[in-house]
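Student: Below are the structure tokens for one structure; questions will follow.
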Amino acid sequence: MERGRTPPPDTEPLTKRQREVLALIARGYTNPQIAAELGLSLDGAKWHVREIMARLDASSRDEAVEIWQHERAPAN
């Protein structure tokens, strides 16, 4: 997926679990906190974070949140 492009409405770049993880990232949770909150192993939380960043073509956790928020903002 190209950065800055909104996917068509019928496609979802992130799984439900990845959206849950991303919501926690947006709230400032660390990987251990994400793992505890969602009942994941630490490696599982780290895997989800890496997958989110790769799917959104983000170079940081903060950038992933910004991209997701921008793509989900209502069109004016």
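Student: In the stretch 9-74, which trypsin sites (Lys or Arg not before Pro) are in a loop and have at most 14 other Cβ atoms within 10 Å, using DSSP for the loop call?
Tutor: Sparse-neighbourhood loop trypsin sites (Lys or Arg not before Pro): Arg27.
Student: Of His70, His48, which has the most accessible area and how do the rest follow, probe 1.4 Å?
Tutor: The ordering from most to least exposed comes out as His70, His48.
Student: Now a separate question. Between Thr30 and Ser60, what is the label-point separation in nm under the 7 Å Cα-to-beta-carbon projection?
Tutor: Roughly 1.8 nm, to one decimal.
The values are calculated or read from the model by the stated rules, or taken from the named source; none is laboratory data. Being a predicted model, the structure only gives us computed values, none of them experimental. Positions of Cβ are backbone-derived with ideal geometry, glycine not excepted, and every protein chain shown enters the neighbour counts. Accessible surface is based on the protein model in full, side chains and every heavy atom, while ligands, DNA and RNA are left aside. Shrake-Rupley method; radii C 1.70, N 1.55, O 1.52, S 1.80 Å.
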